[in-house]
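Asker: Have a look at this one before I ask anything.
The numbers here are math on the coordinates, done by the rules we state, and not lab data. The shown structure was predicted, so the numbers you read here are calculated from the model rather than taken from an experiment. A quick note on method: Cβ atoms are made from the backbone with ideal geometry, for glycine too, and the neighbour counts reach across all protein chains shown.
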Amino acid sequence: MIVDAASAAMRATLARRTRGPDMTADAARSETVLDLRGLNCPLPVLRAKKALRTIPVGGVLVLECTDPLTEIDVPHFVNQTGHTLDGRDRLDGLFRFRITKRK
């Protein structure tokens with residue numbers, strides 16, 4: 001199977017995380033974290049779209065971004081695609097978005 005460099009690089013930034021045993025069953029499912037720091041519009045949304053293809057329905061994708069425009073772009077993308085934006089926060093210039101895949 002031939003894999004282009006961009007796909008390999010994106011897969012390298014994906015990391016699976018599982019919550020500890022003290023969490024509820026709902027929160028215990030794994031989430032995929034996509035590190036999009038340093039990327040500017042429209043790349044964060046395009047990478048999120050590509051990453052969501054590999055996540056099962058009900059799975060969670062967490063985006064970590066530094067581009068301030070993602071505060072506008074990501075919620076808009078989620079609304080257009082039918083997924084759920086479960087949370088977002090900002091800490092010292094890092095924007096985090098928690099998306100649940102719905103279809």
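Asker: Write out, first by first residue and then by second, each pair whose Cβ atoms fall under 7 Å of each other, whose residues are 6+ apart or on separate chains, and whose first residue, in the range 35-47, is closer than 14 Å to Phe97 by Cβ while the second is polar (S, T, N, Q) and surrounded by 17 or more Cβ atoms within 10 Å (Cβ to Cβ).
Answerer: Matching pairs, first to second residue: Pro44/Thr70.
Asker: Same structure again: Any residue in the range 49-61 that is within 14 Å of Ser30 (Cα to Cα) sitting within a Cβ distance under 8 Å of a residue that is surrounded by fewer than 10 Cβ atoms within 10 Å (Cβ to Cβ) and of a type in the set (A, V, I, L, M)? List the pairs, counting only those 6 or more apart or interchain.
Answerer: No pair meets every condition.
Asker: Related question: When you go through (1) farther than 19 Å from Arg102 by Cβ; (2) charged (D, E, K, R); (3) within 14 Å of the chain's Cα centre (by Cα) one by one for Arg90, which number turns out not to apply?
Answerer: Status for Arg90: all satisfied but (3).
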